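My structure is below; once you've seen it, I'll send some questions.
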Amino acid sequence: MEKLTAVSFKGKRVLIRIDFNVPLDDNFKITDNSRILGAIPTIKMVIAGGGKVILISHLGRPKNGPENCFSLKHLVNHLSTVLEVDVAFANNCIGETAETAINNLEEGGVLLLENLRFHSEEKMGDTAFAKQLANLADIYINDAFGTAHRAHASTAVIAQFFPESKYFGLLLEKEISNLEVILENPQKPFTAIIGGAKITGKIDVIMALLDKVDNLIIGGGMAYTFAKAVGGNIGNSLVEEEKNSLAKQLIELAKSKGVNLYLPSDSVNANKFDNNAETNTSEITNIPNGFMGLDIGQESIAKFSEIIERSKTIIWNGPMGVFEMPNFEKGTREIANAICKVTEKGAYSLVGG
């Protein structure tokens, strides 16, 4: 995929895959708009060039089709304010609804399509779904750094339908450049923090980092697969049973390469996947039956923060817990604070995903 240089957008339908997976409060107000702000330069470039901007993104983890709490319509007013243009919205990302809205777009206009993940085909990497998205535009731009590693329809699959007109967005181009700088000549100690729900999708990242880093911190849902792999009782926590042996292999591989691999020592648990659930804190390898781990505990926060404080280079990909719920966002917030503090002191950090 080429960089976004000297492209003529005039009168063209430009499909931009951005990452608007932002946190919303109970009133559907955005509580952190940093991902939106990161996408603005690319969007404005296309607007200035007279292109017709079509934005596609996911939001949250909808399970059974459309859910109001995950609708991108909640972002329209804020996006309109930031861009200083009236952003249109279509309540589907494919089909006649999307096509009609695009036909009504003027040069320099902006249209936000509905949540990609309201269609299960998005995460499945379905080729037919990707083709439907591709048919909406003349040019494709990927500016979603946080999802660039996933083999989803709107990222990896769709690019094949734009053989001569696919590009990196300005944000993605910047992050790739930063990543190249870090991986080619990182200052030591070099610490990578990998979180998120599953090992699946992060395995290639982890394998690549094991040849570069001094410390590898594992958090998020995937930590419970590792905890079970070392013989722990993880209660009702998320686990990839089929990745048990892989987790063991990664632990041994890190050891053989001299990499310090750190798992959370404690876990904040809930009796159901709900912000208002009954909670307790336990060792991550001794979670009570009937409870699931949803965040790292205070002991883990302190240990991870200490490692970060000693680091000169930090890469962070993926949250430490279910940060969308206020009662389980502390681990992610505190790790972010630790990275900010050490960055202010001169360390180099790259955060994404």
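Values in this text are rule-based calculations from the coordinates and carry no lab data. Just so it is clear, the model here is predicted, and its values are computed rather than measured. Note that we place each Cβ from the backbone using ideal geometry, even for glycine, and neighbour counts take in every protein chain shown.
So what is the diffusion coefficient of region 13-173 in µm² per second by Stokes-Einstein at 25 °C and 0.890 mPa s, using a Kirkwood Rh over Cα pairs?
Once the numbers are plugged in, D ends up at 159 µm²/s.
What distance in nm separates the simple spin-label points at residue 337 and residue 67, each placed 7 Å from Cα in the Cβ direction?
2.9
Relative contact order for the chain: what is it in percent, counting Cα pairs under 8 Å that are at least 6 residues apart?
Once normalised by length, the contact order is 14 percent.
How far is helix 298-309 tilted off the main Cα axis of the chain, in degrees rounded to 10, range 0 to 90?
70
Next up: Hey, how many Å between the Cα centroid of region 200-251 and the Cα centroid of region 133-165?
When both Cα centres are located, 29 Å separates them.
Still on this structure, I have one more. Go through (1) 136; (2) 126; (3) 186 and flag the label whose value is the computed volume of the Cα convex hull per residue in Å³ for this structure.
Matching the structure shown: (1).
If Lys and Arg each add +1 and Asp and Glu each add -1, what is the summed charge of the other residues whose beta carbon sits under 15 Å from the beta carbon of residue 147?
+3
Using the count of nearby Cβ atoms within 10 Å as a rough guide to exposure, how do 228, 345 rank from fewest to most?
So the residues, fewest neighbours to most, are 345, 228.
Taking neighbour Cβ counts within 10 Å as the exposure measure, how do 240, 67, 306 sort from fewest upward?
Fewest to most other Cβ atoms nearby, the residues stand as 306, 67, 240.
What is the spin-label model distance, in nm, from residue 85 to residue 29 if the labels are put 7 Å beyond Cα along the C-beta direction?
With each label placed 7 Å out from Cα toward Cβ, I get 2.8 nm.
Continuing with this model, one more query. Between helix 330-344 and the chain, what is the angle of the helix's C-alpha long axis to the longest principal axis, kept within 0 to 90° and rounded to the nearest 10?
80
So what's the net charge close to residue 305: Lys and Arg +1, Asp and Glu -1, counting the other residues with Cβ under 13 Å from its Cβ?
+1
A follow-up question, please. With a cut-off of 14 Å, note down the residues of region 193-221 whose backbone N falls inside the zone around a label point 7 Å from the Cα of residue 260 toward its beta carbon.
Answer for region 193-221: 193, 213-218.
Would you mind calculating the gained length between residue 185 and residue 104 on full extension (0.36 nm times residue separation, minus the Cα-Cα distance), in nm to one decimal?
24.3 nm
While we're here: At what distance in angstrom do the alpha carbon centres of region 256-297 and region 22-70 lie from each other?
The distance from the Cα centre of region 256-297 to that of region 22-70 comes to 31 Å.
What percent do you get for the relative contact order of region 13-173 when only Cα pairs under 8 Å and 6+ apart count?
It rounds to 27 percent for region 13-173.
Can you list residues whose amide H is under 5 Å from residue 350's amide H, if they're 5+ apart or on another chain and H is modeled 1.01 Å from N?
The answer is 314, 315, 316.
Hey, can you grab everything whose amide H is under 5 Å from the amide H of residue 261? Only 5+ residues off in sequence or another chain; H modelled, so Pro and N-termini drop out.
Sorted by chain and number, the residues that satisfy this are 216.
Please go through the residue pairs 198/248; 10/174; 188/243; 198/228; 188/212 and name each one whose alpha carbons sit more than 19 Å apart in this structure.
The pairs that break the limit, which is 19 Å between Cα atoms, are 10/174; 188/243.
State the extension gain, in nm to one decimal, for the chain segment bounded by residue 345 and residue 5, taking 0.36 nm per residue of separation less the distance between their alpha-carbons.
Computed gain between residue 345 and residue 5 is 119.0 nm.
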